[in-house]
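The values are calculated or read from the model by the stated rules, or taken from the named source; none is laboratory data. The shown structure was predicted, so the numbers you read here are calculated from the model rather than taken from an experiment. Using ideal geometry, Cβ is built from the backbone for each residue, glycine included, and neighbour counts are taken over all protein chains shown.
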Amino acid sequence: MVSMPKTPFDWGDDLDPGFNADPGEDTASIDRGFLVPAPYWVGDEGFSVRTSGGILDGLPEPHGGSGLQLLMSPQDIASIDSPGTGNADEHMIQDSAPIPQKAEDNNPRTRSLVPYDKTSEDRRSVAGKIWNLPNSAIGMAYGGLGYLTGWPSKWLGLQENAPGITTGNNAVQFTDNPFGGVGAITLGNVQVINGKPTGIGDDGNFVGPHEEQHTYQGEQLGPLYLPSNIFGGLAGVLIDGNWHGSHNWNEAGPQQQPPVPWSK
Amino acid sequence: MKRPGVFSALLLASLVLNACSKFLQVTLFNNTGGAIEIHAESKNATIAPNQFERFKYPGESAKGVFHLSSGGCEYLYEFSPKLDDYGLSYEFERGVQIQVEKDFSIELLPVSYKGNFPASGEIILKHEGFPLHPVSQKCG
């Protein structure tokens with residue numbers, strides 16, 4: 001047996017400059033190549049993945065950096081600290097840890113000039129998670145059972161990695177969970193993955209972001225999510241001959257690159 | 001009360017059997033002329049000459065590393081190709097199709113290749129990063 005060597009490249013090699021390249025862009029965008037998983041590994045068993053957020057996405061984000069942010073808007077702070085640029089995000093990068101935000105909100109090329117009503121979005125997301133709760137409950141029970149099954153499976157040598165539980169991609173994520181089947185399944189804001197979210201799916205997308213789109217679908221459809229998946233899958237089978245066919249409206253969007261909740 | 005429970009169970013079972021996403025597969029054809037063994041993160045298997053075997057794309061904790069062994073030698077590969085233009089899709093369940101040659105270099109086959117045997121020269125894709133050569137070799 002040849003022992004696995006340390007490879008000459010590191011995770012994240014293929015990331016674009018991301019951090020600090022664009023003022024205010026604090027989420028690294030990912031090249032569509034195959035080098036890209038950029039997890040922050042903390043050993044083999046536990047890990048965290050920098051994603052677009054966890055299950056607490058919808059809640060107001062903690063303030064980082066100076067206490068001024070508790071009292072003043074970012075624009076006001078920017079006008080004091082950076083009169084030349086007036087760029088609040090730039091100040092936040094210099095003075096505080098990056099605050100996770102959705103990439104589209106930070107991209108200066110696409111940022112809306114209309115004031116961003118974050119509170120409203122937070123409320124919608126929290127409401128979506130409540131609406132999605134029946135699915136999430138099923139997902140937690142299912143993932144929990146898989147987790148309990150995963151340990152004996154690991155002890156018996158039937159699977160290499162120990163099962164884990166983490167958050168990311170707008171969900172609680174059960175990782176290395178045998179109930180994830182040949183890939184992953186999303187029930188509510190719960191993802192059950194037979195591997196890691198950084199694994200690559202057969203559509204070429206990372207599994208985590210693909211499954212994240214299903215969480216948004218669940219937040220919109222609520223109790224109709226499961227029936228929608230069944231009927232969508234049947235449409236895929238009948239029309240395309242494949243459950244994941246393009247006529248399965250639940251899979252068409254997440255299979256796009258980059259993945260989106262619904263295909264346009 | 002019983003019917004909704006059964007219906008829900010059926011819904012869930014259907015969904016589970018058709019999981020939302022499947023992990024990317026690698027299909028490796030053996031064109032070396034002899035049997036080879038593959039050792040990947042998720043699989044250890046022997047591939048007979050002119051046959052193929054599938055294994056999970058080793059792009060996670062294995063960092064793209066897998067190795068082949070044959071005739072007392074072990075060949076180690078770092079498989080991290082950029083395949084943006086390869087055309088991966090749910091339609092092609094074989095995923096990334098590759099072929100190991102007699103000199104243990106690895107060629108890339110089209111994603112749509114449906115043959116059950118190693119492909120001939122004209123089918124092999126010319127693609128950046130291929131042929132892929134082993135990064136190390138140990139014999140004896």
Go through the residues of the stretch B:47-65 one by one and say whether even a single one is at pLDDT 85 or above and among the polar types (S, T, N, Q).
yes
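When the stretch A:218-236 is examined, which residues are found to be within 17 Å of A:GLY139 (Cα to Cα) and either facing chain B (nearest Cβ under 10 Å) or charged (D, E, K, R) (or both)?
Those that are within 17 Å of A:GLY139 (Cα to Cα) and either facing chain B (nearest Cβ under 10 Å) or charged (D, E, K, R) (or both): A:GLU219, A:TYR225, A:LEU226, A:PRO227, A:ASN229, A:ILE230.
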Scanning the stretch A:162-182 for residues that are facing chain B (nearest Cβ under 9 Å) and modelled with pLDDT of 90 or more, which turns out farthest from B:PRO81 (Cα to Cα)?
A:PHE179
Could you please tell me which pairs satisfy a Cβ distance under 6 Å, a separation of 6+ or placement on different chains, a first residue in the stretch A:119-137 that is over 9 Å from A:GLU219 (Cβ atoms) and in the same structural domain as A:TYR216 (by TED's automatic domain parsing), and a second residue that is at pLDDT 85 or above and not small (Gly, Ala, Ser)?
A:PRO134/A:PRO223; A:ASN135/A:LEU187; A:ASN135/A:TYR225; A:SER136/A:ASN189; A:SER136/A:VAL190
Picking from A:GLY157, A:GLY150, the residue that is on the phi > 0 side of the Ramachandran plot and either of a type outside the set (D, E, K, R) or assigned to a strand (DSSP E or B) (or both) would be A:GLY157
Hits in the stretch B:79-100 (condition: among the charged types (D, E, K, R), in contact (Cβ under 8 Å) with a residue 12 or more places away in the chain and out of contact with any strand residue (DSSP E or B) (no Cβ under 6 Å at 6 or more places or on another chain))
B:LYS82, B:GLU93
